[in-house]
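This report concerns only the one structure given below.
Values in this text are rule-based calculations from the coordinates and carry no lab data. Everything numeric here is computed off the predicted structure, so don't read it as measured data. As a convention, Cβ positions derive from the backbone with ideal geometry for all residues, glycine included, and neighbour counts pool all protein chains shown.
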Amino acid sequence: MRRSSNSRNTGRKMRKSLTAETIVLTKWIGLYGSSVIAREREKELLQSFSQGFIDTVKDFAALLSTETEEEMAAEYDTDFFGEVKEGGIYAALWNMAASLGTGVDVFLKDIPVKQETIEITNHFDVDPYYLLSRGACLFVTDRGYELTRALNERGTNSAVIGVITDSKDRVVINQGSRRFLTPRYEDPVRLF
């Protein structure tokens, strides 16, 4: 993950407040990890899922280009842009907040995840939020809803999933309960 090359946050003591800026996630979490699992454990998965289902998941690898996201990061003057990789969305959020020196409030229900990823990870008792998510990208910007609309119009699924906070707390909110993120980098794909 990296700060956007055109970041307004230069690291000087006098920097603009990022509080209430939105966090945007593109595509869906776990695409690459699901694809790897489907390829590595296809025979086992065929006992519970159709070949068509498994082929669909294997084809998630075709959705990994981040070219559109990189173009949009520059166009929308983002304060942060980075690809979600090893450790999944939770590790990416932790690293993003650490890089920016902020906290986050993220809404679990707003994090895009494909049903196929849920089914694959449930089958192997793996948490999809820690799953390798290459191809998905995070942005921090004060134009999150505008950016999301533009990305969706260009065919890249995206959603505002949370906001930057003044505290150092990294929080995921689910149905009113608050869960604090902790740094964890072991990706479940390594089990396969």
- Once fully extended, how much extra length lies between S17 and A98, figured as 0.36 nm per residue of separation less the alpha-carbon to alpha-carbon distance? 27.7 nm
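Quick one: K114, K109, fewest Cβ neighbours within 10 Å first, how do they rank? Spell out each step's value before the answer.
Values: K114 20, K109 8.
By the 10 Å Cβ count, ascending: K109, K114.
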- Item | Choice from E146, E21, E67 showing the highest fluctuation, given a GNM over the chain with Cα pairs closer than 10 Å | E67
- Task: Compare E71, E86, E116 in a GNM of the chain, Cα atoms joined below 10 Å, and give the one with the largest fluctuation.
- Result: E71
- Tell me which residues come under 5 Å, amide H to amide H, from T141 once H is placed; ignore anything under 5 positions away on its chain. T22, V24, D79
- Table column - 3J(HN,Hα) (Hz), the range 32-41, Karplus curve with 6.51, -1.76, 1.60, x for Gly and Pro: 5, x, 4, 4, 4, 4, 4, 6, 6, 10
- Item | Length added when fully stretched, K58-I173, from 0.36 nm per residue minus Cα-Cα | 38.3 nm
- When E44, E119 are arranged by how many other beta-carbons sit within 10 Å of their Cβ, fewest first, they go E44, E119
- Give the long-range amide H neighbours of L131: residues separated by 5 or more places, or on another chain, with amide H under 5 Å away, using H modelled in the peptide plane at 1.01 Å from N. I89
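Using only helices, what value at 222 nm comes out for the chain when you add -39,500 (n - 2.57) per DSSP H run of length 4 or more and divide by the total residues, to the nearest 500 deg cm²/dmol? Don't skip to the answer; put the middle values down first.
Numbers: 7 runs with 63 residues, N = 192.
Helices in the chain give a 222 nm mean residue ellipticity of -9500 deg cm²/dmol.
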- For the E42, S65 Cβ pair and Förster radius 22 Å, calculated FRET efficiency rounded to 0.05 is 0.35
- Do you know the relative contact order of the chain, to the nearest whole percent, from alpha carbon pairs under 8 angstrom that are 6+ apart? 38
- Query: What is the count of Lys pairs in the chain whose alpha carbons sit under 29 Å apart, if the two are 8 or more places apart or on different chains?
  - Reply: 20
- The list [x] 19.6; [y] 18.4; [z] 16.9 gives values of Kirkwood radius over Cα pairs in Å, and only one came from this structure; which label was calculated from it? [z]
- Message: Please arrange V140, V36, V160 by how many other C-beta atoms lie within 10 Å of their C-beta, fewest to most.
- Response: V160, V36, V140
- List the residues whose amide H sits under 5 Å from the amide H of N157, counting only those 5 or more places along or on another chain, with H placed 1.01 Å from N in the peptide plane. K27
